[in-house]
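S.K.: To start, I am sharing the structure in question, which I have written as structure tokens.
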Amino acid sequence: MKVTVVSLALAALVWCGSTISHAALITIDPTSDGSLYTCAGCNVVSDGDYVVTSGYIQGAVKFSSAAIVATITQVLLTLNPYGLPLSGPNVDVYGYGTGIGQLDETDANAGTFLGTLVLPANLGYGEDAFFDVTAFVANTHAPFLAFNLRSAGTDVFSSLEYNYGHPSQLLITTAAPEPPSIALVLIGLFLALGGIARRRSTSREGDV
């Protein structure tokens, strides 16, 4: 009986360890997105419009970080075309943290270079291109996570107001802990059964 109880307790511990976490996907829509014009005399901010990138136009997207509460394993920034063809196949992505959830003049030319997203040649309406921003998101602690997008050719991406199914998004995979309460109850039950068995064994020896 003693060996069986110990074996069951160990099995419960293994089960507990195997279920301590699971992957969870969080999808975050922007708090604000649009275009930033860097030409002389331009009205800098076009909020509530397409996310456009061109020679003097920068796309901008902002996300609240409030929903990010678990350990991050991967974060992808998505873009999908609203206008075709896309004439800027390479999109430079800049990231920065901010306390402002809406686009304003300070977002023009903002951010640290994160890398270049090479758009698939056959990217169509409603189809996403993905850019990995895991390291940036994991190491940026701010109320809002912002991305400044730049390309030499003209690209028109979906936005909050104009989209084919959804705007640019953050797709966040986290390792979400699961409470191991069931396993702990099982372990307690097995140990209790072991104690009862030992007491019975001791009682029988005393009777002899």
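S.K.: Please note which strands (runs of 3 or more DSSP E) are completely contained in segment 20-59 and include at least 3 residues that are modelled with pLDDT under 95 and of a type in the set (Gly, Ala, Ser).
M.R.: 21-28
S.K.: Sort out which residues of segment 151-170 are farther than 16 Å from VAL52 by Cα and surrounded by 21 or more Cβ atoms within 10 Å (Cβ to Cβ), and write them in order of number.
M.R.: If the condition is that a residue be farther than 16 Å from VAL52 by Cα and surrounded by 21 or more Cβ atoms within 10 Å (Cβ to Cβ), then LEU170 is the only one that fits.
S.K.: Taking segment 60-69 on its own, how many of its residues are at pLDDT below 95 and buried (at least 21 other Cβ atoms within 10 Å of the Cβ)?
M.R.: Total satisfying the criteria: 0.
S.K.: If you don't mind, there's one more thing I want to ask. For segment 90-124, how many residues meet the condition of being in contact (Cβ under 8 Å) with a residue 12 or more places away in the chain and either within 19 Å of ALA152 (Cα to Cα) or of a type in the set (Asp, Glu) (or both)?
M.R.: 23
S.K.: Condition test on GLY165, is it part of a loop (DSSP other than H, G, I, E, B) and closer than 14 Å to PRO89 by Cβ?
M.R.: Criteria not met by GLY165.
S.K.: Taking the condition of being surrounded by fewer than 21 Cβ atoms within 10 Å (Cβ to Cβ) and closer than 22 Å to ASN90 by Cβ, how many residues in segment 135-150 meet it?
M.R.: Counting residues in segment 135-150 that are surrounded by fewer than 21 Cβ atoms within 10 Å (Cβ to Cβ) and closer than 22 Å to ASN90 by Cβ gives 1.
S.K.: Considering segment 70-98 alone, what residues qualify as being buried (at least 20 other Cβ atoms within 10 Å of the Cβ) and small (Gly, Ala, Ser)?
M.R.: Once the filter is applied, which keeps residues that are buried (at least 20 other Cβ atoms within 10 Å of the Cβ) and small (Gly, Ala, Ser), segment 70-98 yields only GLY95.
The values are calculated or read from the model by the stated rules, or taken from the named source; none is laboratory data. Computed from a prediction, not measured in an experiment: that's the story for all the values here. Don't worry about glycine lacking a Cβ; one is built from the backbone with ideal geometry, like all the others, and counts go over all protein chains shown.
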